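Each reported figure results from applying straightforward, stated rules to the coordinates on display, with no laboratory input. Keep in mind it's a predicted model, so treat the numbers as computed, not measured.
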């Protein structure tokens, strides 16, 4: 009896999870229908790209993804004014890209879990509107500025990157940090707001993309 109940409950759980995954991997078409997200929905979609099934993507038509990049489950990505993800980039689980602005990741950028990229934010200094997006016909002032992450940058857990920030080549942002200004190449920063706490040695490597392709053969 207990084994039968266990089987039934397991089947219910699988059904529920499939429904959740099915909802997350669908997009709404112009005629209001829903269908599964496909590589052709993106502005560019390289070879060997992995997007896990429980990723939520809005406006894929403005998103470019280079070859061999990976986006883990539970990421929330809003295309906004455009997103460009280079080759061999990784976005860890629960990463969010929000704000409706533009963001660009160069090759080999690593992003850990729960990182927030905010490329647009309400201007609370505007007294003429409420700040909530929940009100219909409410148009809060939004300041949008692009975010750039250069080659080999590394963003660690629960960091927040604010509008207009450029993370230099090979720079490291420590866990739980808030970055509100540019980070120089190969600097290691941490804190709220983030400050320089060290330097990272420069990455010296061959063409990793070609080597990766060779390994797959």
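The alpha-carbon positions of region 40-92 define a convex hull whose volume is 64 Å³ per residue. From largest to smallest, the equivalent ellipsoid semi-axes obtained for region 73-144 from the alpha-carbon gyration tensor read 28, 13, 9 Å. The coefficient of translational diffusion for region 39-216, derived via Stokes-Einstein from the alpha carbon Kirkwood radius under 4 °C and 1.567 mPa s, stands at 77 µm²/s.
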